[in-house]
Amino acid sequence: MFIKKKRGWEIPDAQVTDESVYLNRRHVIRGLAASGFLASGISGASPLFHSRQSWASPSEDPSAVLYPVKRNERYTVDRPLTDEEDAITYNNFYEFGSHKKISDAAQALKIRPWMVKIDGLVEKEQEIDIDTLLKKMPLEERVYRHRCVEAWSMTVPYSGFALKDLVAYAKPLSKAKYLRMETFKDDTMAPGQRQFWYPWPYVEGLTLAEATNDLSFIATGLYGKPIPKQNGAPLRLAVPWKYGFKHIKSIVRFTFTEERPVSFWEEIQSSEYGFWANVNPEVAHPRWSQATEEVLGTGKRVPTLPYNGYGEFVADLYKGMEGQETLYR
Ligand code: MTE
């Protein structure tokens, strides 16, 4: 997302003691965004670096025995898979740093025990641990394109389950219109969360119609193994027709709501990162074009496709709204 060019404005943790400043975090972040402090532009998709510890050990991640799983051939792509090492060493995970080289730092994420809360407008609120949840969900592999708002892309095989199966398991009430998702919050593991000017925890949301579209996927594996920490272990969202910032990582909570949730980047700068964020090459980001994308690991740019190539599955969700620019930010 935002790649900082200078770090001089960062405030050392030791100075972050004034509670009124902390409580005013949301005003601070808007002020920084408005003044351009956070908005220093995209980074491009190179160079990559080699991670020493990219995959969790089997003792740390008991789900290793579940993979690989059968591929769902409904979702085919006309691009080669991104090199595995590239996909797991070039990441956005602001909890571990506001740059791409966070894969070593992300190894501090503790992925067991991992409880997932399901609450809000559901028949019965509950908490379930990830390994029990994985046993209940039908696992499959899907090869998806991923298009970051920063104009780089990759093509990866995720394993996991359809989000609609989780929604069915949660039994939402008829009043529920949206699904809000939340990442863990623990700044002892994730130093990025000590940056008080960000509105932690990371939050994302979908309409229930989007969440129950078959394309919406919860990824729990990658390249036939449990998903690495830096890619959002033990469970992250994959909605490939939307820009990458919607793909919330390391989810701990699913809340069914009547009101539209405000997502992390939307709260920071809604004019650039909105609720819908559907990929559209014709609607530029306010500071750069979205017409093309750099394919990770190749150094090549290719044209970006409407809905990232998934229009046949999702365009119907937005019938009658197509002219609205906010649908594509
Ligand atoms: N989820 C959390 N919790 N924190 C983040 O910083 N970054 C998002 C998304 N999910 C992010 C997140 C962005 S901007 C992108 S492009 C993707 O994760 C990157 O996913 P990847 O590292 O697996 O490629």
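Only the coordinates and a few stated rules stand behind these numbers; no lab work does. Since the structure is predicted, the reported quantities are computational estimates derived from the model, not experimental observations. Reconstructed Cβ throughout: ideal geometry from the backbone, glycine too, with neighbour counts over all protein chains shown.
Anisotropy class assigned to region 152-229 is oblate, per the alpha carbon gyration tensor with a/c at or over the 1.5 cut-off and a/b no larger than b/c.
Here the Karplus curve 6.51 cos²θ - 1.76 cosθ + 1.60, taken at θ = phi - 60°, turns the phi angles of region 99-115 into couplings of 8, 8, 9, 9, 5, 6, 4, 5, 5, 6, 5, 8, 9, 9, x, 9, 9 Hz, with x standing for Gly and Pro.
Taking label positions 7 Å along the Cα-Cβ direction at both Lys124 and Asp187, the computed distance is 3.8 nm, reported to one decimal.
Using 0.36 nm per residue and subtracting the Cα-Cα separation, the extra length available between Lys117 and Ser270 on full extension is 52.4 nm. Qualifying trypsin sites (Lys or Arg not before Pro) in region 92-191, where qualification requires a DSSP coil assignment and no more than 14 other C-beta atoms within 10 Å, comprise Lys110, Lys124, Lys175, Lys185. By its C-alpha gyration tensor, with a ≥ b ≥ c as the square roots of the eigenvalues, how is region 54-317 shaped: rounded for a/c under 1.5, else prolate for a/b larger than b/c, else oblate? Verdict is rounded for region 54-317. Phi-derived couplings, Karplus 6.51 cos²θ - 1.76 cosθ + 1.60 at θ = phi - 60°, listed residue by residue for region 228-240: x, 4, 5, 9, x, 4, x, 8, 9, 7, 9, 10, x Hz, with x used for Gly and Pro. Residues of region 229-266 falling in the label zone of Asp78, defined by backbone nitrogen less than 20 Å from a point 7 Å along Cα to beta-carbon, are 240-242. Take the Cα of Glu85, step 7 Å toward its Cβ, do the same at Arg71, and the gap between the two points is 2.2 nm. For region 54-317, the Cβ-based charge dipole about the Cα centre amounts to some 140 debye (Lys, Arg positive; Asp, Glu negative; other atoms uncharged). The gain in end-to-end length when the Met321 to Ala64 segment is fully stretched comes to 88.3 nm, 0.36 nm per residue minus the alpha carbon separation. Listed here are the pairs Lys101/Lys185; Lys242/Lys300; Lys110/Lys185; Lys175/Lys319; which of them are more than 19 Å apart at the Cα? Distance filter (> 19 Å) returns Lys101/Lys185; Lys242/Lys300; Lys175/Lys319. Here the simple spin-label model places points 7 Å from the Cα toward Cβ, and for Lys110 and Leu173 these points are separated by 3.5 nm. Here the extension length gained between Asp131 and Trp288 equals 52.4 nm, from 0.36 nm per residue of separation less the Cα-Cα distance.
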